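Asker: This is the structure I want to talk about, given as structure tokens.
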Amino acid sequence: RIDLEVLSVIAQQILTIQRASTQGLKRFLFEGTDLPLDASCAVFITMNPGYAGRSELPDNLKALFRPVAMMVPDYRLIAEIMLFAEGFGEAKGLSNKMTQLYRLSSEQLSKQDHYDFGMRAVKSVLVMAGQLKRANPSLSEDITLIRALRDSNLPKFLYDDVPLFMAIIQDLFPGVEIPNVDYGRLQGAIEGALENDGLEAPTTFVSKITQLYETMLVRHGVMVVGLTLTGKTTCQNALANALSQLRRDGEESPDFEVTRQHTLNPKAITMGELYGEVNPITQEWTDGLVPTLVRLAVNDDSDNFHWITFDGPVDALWIENMNTVLDD
């Protein structure tokens, strides 16, 4: 994430510290300042080579570090331990089926930029399965895991990939009937919200809005992906209006609240205006749009939902800074 010129300067600074350390000095001169040296200090770099939005290390910095290769983790073992931790009794068999499902999906489904069958996706499914297990302790563990796998994966699949994915689930869990969740009140509110905007409510679009709702229950950051004029904004607005209307109609569930939306275009302004920046002359910090909106949401004493929508093309520059906020 750091510019190449800055990395070269950092390489010089690290070299100064390393030389002082090898000489066993108690104090050393660092960029004109006399500093005490802690002999136990160490520097580590974690990096993904060839990852979008990251710089390659310059040679003068590479030369100062010893590479350590990491091996791919055993997903099945991690899934088994996490399932046990979430309260599943049949964790060994279920973890096996789950890792098989992800392996087959990555091989058989179409290749899309937003498909992810790695460790992060596995973790989010396991956390969701744990929530379902605690909410429905009497439900069979097979069905609980299938519901978590279905509800967290179907929203992101293209239309043609859905039957393939469901066929893989049927092969791995033969004879298991998966019950559909009844969203009666929410579905009625979504259809009402679309009708109020003068729109039709086809079943496929209503189910896509419901999928957005399901995803938001388990994730604090959601990306709605699609070509222009495919109904992304309408999908989001309809859900916000439906949740607000349900609360106004007296629904007590904490999942239904009045929803306030804050929309901005991240590509219409500079990075400093988006996130905030330090004035180089006065050294004063000025908040950008994002911290201002987050502070507005945090200071709201009501139970209202606040959605901050970045409405624009995604690129490695601005989304990279959201990494620490959106990471689980």
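The values are calculated or read from the model by the stated rules, or taken from the named source; none is laboratory data. Computed from a predicted model, the values in this text were never measured in an experiment. So basically every Cβ, Gly included, is an ideal-geometry build from the backbone, and we count neighbours across all protein chains shown. When the accessible area is computed, the model is the full protein with side chains, heavy atoms only, and any ligands, DNA or RNA have been set aside. Shrake-Rupley method; radii C 1.70, N 1.55, O 1.52, S 1.80 Å.
Asker: Looking only at segment 1-42, which residues are in contact (Cβ under 8 Å) with a residue 24 or more places away in the chain, within 37 Å of the chain's Cα centre (by Cα) and open to solvent by 60 Å² or more (accessible area, probe 1.4 Å)?
Answerer: Arg1, Ile2, Asp3, Leu4, Gln12, Cys41
Asker: So which of Val224, Val162, Val181 ends up being surrounded by 15 or more Cβ atoms within 10 Å (Cβ to Cβ) and of a type in the set (A, V, I, L, M, F, W, C)?
Answerer: Details: Val162 fails: surrounded by 15 or more Cβ atoms within 10 Å (Cβ to Cβ); Val181 fails: surrounded by 15 or more Cβ atoms within 10 Å (Cβ to Cβ).
Just a single option satisfies the conditions, and that option is Val224.
Asker: Let me ask something else about it. Failed condition for Glu214, given (1) open to solvent by less than 40 Å² (accessible area, probe 1.4 Å); (2) closer than 20 Å to Asn304 by Cβ; (3) in contact (Cβ under 8 Å) with a residue 60 or more places away in the chain, with all others met?
Answerer: For Glu214, the failing item is (2).
Asker: Looking at (1) under 20 Å from Phe256 (Cβ atoms); (2) of a type in the set (Gly, Ala, Ser); (3) loosely packed, with under 14 Cβ neighbours inside 10 Å; (4) modelled with pLDDT of 90 or more, which one does Ala135 not meet, given that it meets all the others?
Answerer: (4)
Asker: I'm checking my understanding of the structure. Among residues of segment 301-326 that are modelled with pLDDT of 85 or more, assigned to a loop (DSSP other than H, G, I, E, B) and within 18 Å of Leu264 (Cβ to Cβ), which one is least open to solvent (accessible area, probe 1.4 Å)?
Answerer: Looking at the filtered set, the residue picked out is Gly312.
Asker: Going through segment 160-190 one residue at a time, which ones are in contact (Cβ under 8 Å) with a residue 40 or more places away in the chain, of a type in the set (Phe, Trp, Tyr) and in a loop (DSSP other than H, G, I, E, B)? Steps first, please.
Answerer: Kept after step one, since they are in contact (Cβ under 8 Å) with a residue 40 or more places away in the chain, are these residues of segment 160-190: 160-161, 164-165, 168-169, 172-173, 185-186, 189-190.
Narrowing the set further to residues that are of a type in the set (Phe, Trp, Tyr) leaves 165, 173.
Across segment 160-190, the qualifying residue is only Phe173.
Asker: Out of Val176, Val122, report the one residue that is open to solvent by less than 60 Å² (accessible area, probe 1.4 Å), more than 23 Å from Val222 (Cβ to Cβ) and of a type in the set (A, V, I, L, M).
Answerer: Testing whether each residue is open to solvent by less than 60 Å² (accessible area, probe 1.4 Å), more than 23 Å from Val222 (Cβ to Cβ) and of a type in the set (A, V, I, L, M) leaves just Val176.
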